[in-house]
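The values are calculated or read from the model by the stated rules, or taken from the named source; none is laboratory data. Since we're looking at a predicted model, the values are computed, not measured. Cβ atoms come from the backbone with ideal geometry, glycine included; neighbour counts cover every protein chain shown. These area figures cover heavy atoms from the full protein model, side chains too; ligands, DNA and RNA do not enter into them. Shrake-Rupley method; radii C 1.70, N 1.55, O 1.52, S 1.80 Å.
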Amino acid sequence: MQHYKTSLADEAATLALGKSFAHCLRAGLIIYLNGDLGAGKTALTRAILHASGYVGTVKSPTYTLAEPYQISVQGNRIKLMHFDLYRLRSPDEFTEAGFRDEINTETICIIEWPDKADGVLPLPDIQIDITILDEGRDVDIRAHTDKGESSLSQLRFAPNL
Ligand SMILES: Nc1ncnc2c1ncn2[C@@H]1O[C@H](COP(=O)(O)OP(=O)(O)OP(=O)(O)O)[C@@H](O)[C@H]1O
Ligand SMILES: [Mg+2]
């Protein structure tokens, strides 16, 4: 499976990666976003949304746990759900909130803190791991499914260019 690694010197680089990654989006894609508090998961998601035609504010869905967006993917209107599961008390709460209905072949799901819903979430098509360094961030992106593989093959990102 594809494995892509890069470093991001500053927030601008994180936003540039998000913009590039937007070209990888496909209906129904499930993306896990891992990394410590403040790693840049929401910053990356914000850049993905803005590059996909969403013009409003993108806030961290800290208390609501999820925020829906309408974006444009290859000319089609698609729903994207941005989850931040940090405050999920148990995996069951994900199911009780009705969130499993959002896991379908149409909706794109970007999920921060997926470990909090361990056992109820399906495996991701793409997993993004962000590591905080003394300066900047390291990012590791890997595909876990054929769908994720073909989507990730569209990534064209060279930092500092
Ligand atoms: N490549 C980078 N190098 C240094 N700082 C960065 C980089 N990318 C983003 N940042 C900064 O890191 C912070 C990221 O905050 P953000 O809310 O996106 O983190 P998060 O991973 O979503 O955290 P949480 O788990 O709390 O939701 C911001 O202050 C942003 O300016
Ligand atoms: Mg966040």
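Observations on the model:
- Restricting attention to segment 109-154, the residues that are open to solvent by less than 20 Å² (accessible area, probe 1.4 Å) and either assigned to a loop (DSSP other than H, G, I, E, B) or within 16 Å of ligand 2 (Cβ to nearest atom) (or both) total 12.
- Residues of segment 1-49 satisfying the condition of being open to solvent by less than 30 Å² (accessible area, probe 1.4 Å), within 22 Å of ASP134 (Cβ to Cβ) and either touching a helix residue (DSSP H, G or I) at 6+ places or on another chain (Cβ under 6 Å) or not polar (S, T, N, Q) (or both): LEU8, ALA13, THR14, LEU17, LEU33, GLY35, ALA39, GLY40, LYS41, ALA43, LEU44
- Test: GLY148 is at pLDDT 95 or above, of a type in the set (Gly, Ala, Ser) and touching a helix residue (DSSP H, G or I) at 6+ places or on another chain (Cβ under 8 Å): no
- Tally, over segment 88-108, of residues that are surrounded by fewer than 16 Cβ atoms within 10 Å (Cβ to Cβ) and either touching a residue at least 60 places away in the same chain (Cβ under 8 Å) or out of contact with any helix residue (DSSP H, G or I) (no Cβ under 8 Å at 6 or more places or on another chain) (or both): 11
- Any chance THR6 is modelled with pLDDT of 95 or more, near ligand 1 (Cβ under 8 Å from one of its atoms) and either among the small types (Gly, Ala, Ser) or not in a loop (DSSP other than H, G, I, E, B) (or both): no
- Residues that are of a type outside the set (Val, Ile, Thr), surrounded by fewer than 16 Cβ atoms within 10 Å (Cβ to Cβ) and away from ligand 1 (no atom under 16 Å from the Cβ), drawn from segment 50-73: GLY53, GLY56, PRO68, GLN70, SER72
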